[in-house]
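Trainee: Take a look at this one; I'll ask things after.
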């Protein structure tokens, strides 16, 4: 079984996240992609950080409709900070025969060497990275499958600001996620 692992804050999830995950699911013929929101921001400020249950719900809305995608609570159900190495160890116990593919954006891939136990992570999975900008080619010290896809240029930070400013953010997250954000009063 080939399993993609796509983690992040997903604060909120947006069309760029979905496009990246689908690209690697298609390119690598993945049987399943686990979408894994982090429990607590280890490397980010807690300001504007939506509760885990909201980020899980938004991920289910954003990635719903494709049977290959499964939103996992493996990190949000664990106390304390979220580290990819711990998540991969737990997943290897859960799926001992699986091959894992860690899906990363170019920014995460560039910083990968600074993560907790990057050598251990790289030994447990195949890294998969794609650029955010067309002219940007991801670089890093660890081998990876590099995606060649036209990026969807947006960030969750920019979307949160658009929500605050009452700007047209729905086109970046889709109608169902946008409705959820408004109904729950997130990021306003």
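The values are calculated or read from the model by the stated rules, or taken from the named source; none is laboratory data. Owing to the predicted nature of the structure, the values given are computational and were not obtained by experimental measurement. With ideal geometry, Cβ positions are generated from the backbone for all residues, glycine too; neighbour counts draw on all protein chains shown.
Trainee: Would you point out the residue of the stretch 92-101, among those that are out of contact with any helix residue (DSSP H, G or I) (no Cβ under 9 Å at 6 or more places or on another chain) and part of a helix (DSSP H, G or I), that is nearest to residue 25 (Cα to Cα)?
Mentor: Here the answer is 94.
Trainee: Here is a further query. Being out of contact with any helix residue (DSSP H, G or I) (no Cβ under 7 Å at 6 or more places or on another chain) and either part of a loop (DSSP other than H, G, I, E, B) or within 23 Å of residue 22 (Cα to Cα) (or both) narrows it down to one residue among 89, 78; which is it?
Mentor: So the residue among 89, 78 that is out of contact with any helix residue (DSSP H, G or I) (no Cβ under 7 Å at 6 or more places or on another chain) and either part of a loop (DSSP other than H, G, I, E, B) or within 23 Å of residue 22 (Cα to Cα) (or both) is 78.
Trainee: I'd like to check something: does the stretch 102-114 contain any residue that is surrounded by 14 or more Cβ atoms within 10 Å (Cβ to Cβ), assigned to a strand (DSSP E or B) and touching a helix residue (DSSP H, G or I) at 6+ places or on another chain (Cβ under 6 Å)?
Mentor: yes
Trainee: If I ask for residues that are over 14 Å from residue 19 (Cα atoms), at pLDDT below 90, under 18 Å from the mean Cα position of the chain (by Cα) and part of a loop (DSSP other than H, G, I, E, B), which ones from the stretch 121-166 would you list?
Mentor: Answer for the stretch 121-166, where residues must be over 14 Å from residue 19 (Cα atoms), at pLDDT below 90, under 18 Å from the mean Cα position of the chain (by Cα) and part of a loop (DSSP other than H, G, I, E, B): just 138.
Trainee: Has the stretch 14-26 got at least one residue that is within 12 Å of the chain's Cα centre (by Cα), assigned to a loop (DSSP other than H, G, I, E, B) and at pLDDT 95 or above?
Mentor: Checked against the condition, which is being within 12 Å of the chain's Cα centre (by Cα), assigned to a loop (DSSP other than H, G, I, E, B) and at pLDDT 95 or above, the stretch 14-26 yields at least one hit.
Trainee: Can we say residue 2 is crowded, with 16+ Cβ neighbours inside 10 Å and modelled with pLDDT of 95 or more?
Mentor: Criteria not met by residue 2.
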